[in-house]
Amino acid sequence: IGNLNHTYNVTSTNTYVMASLSGSVLGPWSKPQLARGMENVPRPGLGPYHWRCASGNPSPAFHPNGTLYAAMRHNPCWRGHNTREHIGIWRTASWDGEWIPLSDEPVYGWGDGNVDNCSDANNCPSHEDPYLWWDRDGNGHLLTHDQNNGNIHSWRGAYGWSQDGINWNLETPLDSDSSAWTENVTFTNGTTKSLCRRQRPSLIWDLETKTPTHLISGADLNCQSGPPGEKNWCEGCHWGTGITLIQKLETVRAHPDVSARIPDSLVWLNMTTMAVSFNASTFAIQDILIASNQQRQGDEESDAVAWTSLLEPPFPYTCHAWSEDDLKKLHNGEPAPAVCTSHPDNVFTGGNNTGAPGCGTCSCCHRVTPTVDTQTALWQVNFTF
C-alpha cells in the first residue's frame, strides 16, 4: 500500500497487538483491547521510520516479582530504509495498562549498522519471533528467529540473556553457522527430515519442576519458489506446507565459555539429549546424564550447564524490579546505585551478591522483611507461576 510519498509495511500497519484476560485458558475471556503504547501507527515521538514504530509477535512473561514484561518484534511503519526487524522489551504495571519500552535501542543493538542501513555486511543483528522467560533470579532469556546469515536464516535460531532486561548478551555469533536449534529433525517413526523453515519458537514447561520439556516451532518441510522474474517474492511469507513442530528436549548443552558466567540459564547453542535427577533436599540438579550421541561423545560432560529449580527455600533478599520512574531516571543518565538506594531497604551490589543471598545476580537488591501477609504471599505465588 502506498502513495506518492511513502509505502506502508503492510504486515505491520494492518495488524494490532491486543490483550485479553481470563482465569483459565478455557475462558471466558474479556473483550480484546488494544495494547496501549503499541498502536502500530506513527505517533508523537515515534516517527514512521523509527525502528519500533510497529510491534508484533508478542511474547508476554511474568518476572518472579509479578511484573509483566513482553518481548516484541519491531519494524518501521513505513518502508524506505533497510532497517530490518529487531526485538524490544516492554513492561506494564497492569495487563490492560500502558506499555513502556525498557530501552530506545534494540536488545542486540545495531552492530556497525544503523536504522538506515542494517545488514550482515555491517554486522547488524536482525531478529524476530521472540520467546521471553525469566529465571528465579530475575535473569531474562530470549529465543528468537535469527535472520542473519542468508544461507541458513530461514531456519536459524538464536539465544540471548540479560540480568536487567535492558542490556542483552547474544550467545549465537552473528557471523557464524551456529543456531539454537537444528535444521534436521528426527521424528518418532525414525525418519529424519531437513526443514526449509523453522521459526516462531516457544517452550512447554513442567509445572512441577519449572523446567522446559518441549520446543514448539513453526516449521515447513518445503521451500516455496517464487514466480519466474518476480523481484519482490517474499519466500518467508509463503508457508504452503507449514506445520507446528513439537520436539522433546532431552538435552540442553552449554558452550564451556558461557556456562560459567550465565547463572541458572539454559544456553541454546545445541540440542542433543539429557536427563536429570533432582536432590529433593537441596532442590538442585544432582546429576546430569548424557545420552549417547555418536557425533558428540567424549565432550559432553565438560560442556553441560547445571541449573536449579524454582523451588528454592526463602532468602532474606530479593531482586528489585526497576519501576517506570526508575527506568526514566536510568535513561536520563542517573547512576544506577543512586536509583536503587532511593528505595527503602535496597542495597546496590553490582551483581556481587554474596552478602545478599536470594538476590541471584541482580545488581539492585531489596531486603525482605521477616513478617509477610500469608494471603498476599500465596496470591503472589499463584499469580506469578
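Throughout, read-outs are computed from the coordinates displayed, never taken from laboratory work. Every value quoted in this text rests on a predicted model; they were computed, and no experiment measured them. We place every Cβ from the backbone using ideal geometry, glycine too, and count neighbours over all the protein chains shown.
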To the nearest 0.05, the calculated FRET efficiency linking SER119 and THR241 through their beta-carbon distance, R0 being 30 Å, is 0.50
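What does the charge count around SER178 come to, taking other residues whose C-beta lies under 11 Å from its C-beta (Lys +1, Arg +1, Asp -1, Glu -1)?
Numbers: positive: ARG156; negative: ASP146, GLU171, ASP175, ASP177.
Net of charged neighbours comes to -3.
Where both partners of a DSSP beta bridge lie in segment 10-123, what percent of those bridges are antiparallel, to the nearest 5?
Numbers: 19 of 20 bridges.
Restricted to segment 10-123, the bridges split so that about 95 percent are antiparallel.
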In nanometres, the difference between 0.36 nm per residue of separation and the alpha-carbon distance of ASP112 and LEU207 is 30.0 nm
So how do 37-45, 22-30, 142-150 stack up, highest first, on mean other-Cβ count within 10 Å? 142-150, 37-45, 22-30
Extension gain ILE100-ILE152, at 0.36 nm per residue separation less the Cα-Cα distance, in nm? 15.4 nm
Distance in nm between ILE166 and ASN184 label points, each 7 Å along Cα→Cβ, equals 4.5 nm
